[in-house]
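Here the structure is laid out as structure tokens; the discussion comes afterwards.
The values are calculated or read from the model by the stated rules, or taken from the named source; none is laboratory data. Predicted model, so just to flag it, every value in this text is computed and none were measured. Neighbour counts run over all protein chains shown; Cβ positions are idealised from the backbone, glycine included. Please note that ligands, DNA and RNA were not included when accessible areas were found on the heavy atoms of the full protein model with its side chains. Shrake-Rupley method; radii C 1.70, N 1.55, O 1.52, S 1.80 Å.
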Amino acid sequence: MGIKVVSTGSYLPEKILTNHDLEKMVETSDEWITTRTGIKERRISKEETTAELAYKASLNISGLKPEELGLIIVATATPDAFFPSTACKLQAFLKNKNSIAFDISAACTGFIYALYVADSIMRSKNISRALIVGAERFSKILDWNDRTTCILFGDGAGAVLLEKSQDEGILGFDLGADGNYGNLLYVNSVGSNESPPYYLKMKGNEVFKVAVRTMVESAKRVLEKTDVSPKDISLLIPHQANVRIINAVAERLGIEKGKVFINLNKYGNTSAASIPIALDEAIKSGAAKKGDLVLLVAFGGGFTWGSCIIKL
Ligand code: ACO
């Protein structure tokens, strides 16, 4: 018995905010943003909540039968409420009454953490179908006067349907965390001693260095654990934070550029949504095909990190 990703979906809000638009809001330039990050534009949700983004991404999954789901997990750092969870809201939208539903908070690594938890639950319990979503509305937690952070992020959601299967579709994981780095990237909330508004704060260049190192180490560990060689990886789907981080990770892993999926030019960093959106686009564009080995690797606030190898 194995667990397989059988179908994917994604949703991006309609409104596009380009680097040129940002030039009118803060002291920046398209040239600076493009060369430092690779981002050209991002999507911004005007009205849609995180739960609605998650719902629209889920509806985009072909063959989804909501009543058959036994588990719904939403990875998000930008829930609409402390509770009910985004996953419970999604469950209500889907009119499902048979599942357990909860959120996972692991910032940009949230989707890989959610896959790990779903994989473990499905293997040990009588649950054969799960919906795993990464959904974010980072535009709500950005200080739009802070040029060092507001240029980086965007809104969106990606979703996958997992099913129990004869052959193995999730080959292995490597996950980790180090809370000592919490002060390099955070968003406080009502439980802290900070006064609102609560905006994302980041020491970008320090985050950059740890991101490259931990993503490479984590990816190497999952390759070793699963006995897969980098040359057998058909596609690397890294968390889409910065093209320079992605290129450094791919180079250190010995994965050639043509096998690295990048869409952050269109969407910026959508945190927990970035990998499932990219996976959906990779599959629908033909960049990833049935039978391919795909390496997912992410890094995020916490710090958290994680890697996973899936066989499509
Ligand atoms: N436009 C123009 N200039 C800018 C901008 C901007 N938007 N932002 C910063 N600058 C200036 C700085 O003030 C600085 O000026 P100075 O030299 O006069 O002091 C100069 O540009 C260089 O700034 P750095 O911060 O050193 O630039 P760096 O090359 O490190 O790039 C960046 C910054 C893009 C943020 C990079 O560090 C990065 O991508 N870090 C990783 C961030 C990341 O991945 N975060 C998400 C993690 S995932 C999660 O969990 C949310």
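Quick notes on this structure:
- Count of the range 231-242 residues which are away from the ligand (no atom under 16 Å from the Cβ) and in contact (Cβ under 8 Å) with a residue 40 or more places away in the chain: 5
- Flag set for Ile262, criterion: open to solvent by 60 Å² or more (accessible area, probe 1.4 Å), in contact (Cβ under 8 Å) with a residue 40 or more places away in the chain and not in a helix (DSSP H, G or I).
- Against the conditions (1) aromatic (Phe, Trp, Tyr); (2) within 15 Å of Ile132 (Cβ to Cβ); (3) surrounded by fewer than 18 Cβ atoms within 10 Å (Cβ to Cβ), Trp32 satisfies every one except (2).
- Residue that is in the same structural domain as Phe299 (by TED's automatic domain parsing), assigned to a helix (DSSP H, G or I), more than 12 Å from the ligand (Cβ to nearest atom) and surrounded by 20 or more Cβ atoms within 10 Å (Cβ to Cβ), where the choices are Ser218, Ser274: Ser218
- Residues (touching a helix residue (DSSP H, G or I) at 6+ places or on another chain (Cβ under 8 Å) and either free of Cβ contacts under 8 Å to residues at least 60 places away in the same chain or under 30 Å from Thr149 (Cβ atoms) (or both)) located in the range 217-229: Ala219, Lys220, Ser229
- Identification of helices (runs of 4 or more DSSP H) wholly contained in the range 1-89 with 2 or more residues that are more than 16 Å from Gly154 (Cα to Cα) and either under 16 Å from the mean Cα position of the chain (by Cα) or more than 15 Å from the ligand (Cβ to nearest atom) (or both) yields 50-59.
- Any hit, the range 95-103, residues being surrounded by 24 or more Cβ atoms within 10 Å (Cβ to Cβ) and either outside any loop (DSSP other than H, G, I, E, B) or more than 16 Å from the chain's Cα centre (by Cα) (or both): yes
- Applying the set (1) open to solvent by less than 60 Å² (accessible area, probe 1.4 Å); (2) assigned to a helix (DSSP H, G or I) to Arg123 leaves exactly one unmet item: (1).
- Near pairs, Cβ below 7 angstrom, 6+ apart or cross-chain, from the range 22-38 (in contact (Cβ under 8 Å) with a residue 12 or more places away in the chain and in the same structural domain as Cys150 (by TED's automatic domain parsing)) to any residue that is in a loop (DSSP other than H, G, I, E, B) and open to solvent by 40 Å² or more (accessible area, probe 1.4 Å): Met25/Trp144; Val26/Asn145; Val26/Arg147; Glu27/Arg147; Thr28/Arg147; Thr34/Lys40
- Failed condition for Phe111, given (1) in a helix (DSSP H, G or I); (2) surrounded by fewer than 24 Cβ atoms within 10 Å (Cβ to Cβ): (2)
- Taken as a whole, the structure places Met25 among residues that are more than 22 Å from Gly300 (Cβ to Cβ), loosely packed, with under 14 Cβ neighbours inside 10 Å and touching a Phe, Trp or Tyr at 6+ places or on another chain (Cβ under 9 Å).
- Residue ranges of strands (runs of 3 or more DSSP E) in the range 127-211 with at least 2 members crowded, with 16+ Cβ neighbours inside 10 Å and within 13 Å of the ligand (Cβ to nearest atom): 129-137
- Within the range 277-309, the set of residues being among the hydrophobic types (A, V, I, L, M, F, W, C) and either over 21 Å from Glu251 (Cα atoms) or open to solvent by 10 Å² or more (accessible area, probe 1.4 Å) (or both) comprises Ile277, Ile283, Ala287, Leu293, Phe299, Phe303, Trp305.
Each row is one residue, and each column tells you yes or no for (1) assigned by TED's automatic domain parsing to the domain that holds Lys290; (2) of a type outside the set (Val, Ile, Thr).
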{"residue": "Asp146", "(1), (2)": "no, yes"}
{"residue": "Val160", "(1), (2)": "no, no"}
{"residue": "Gly182", "(1), (2)": "yes, yes"}
{"residue": "Ser195", "(1), (2)": "yes, yes"}
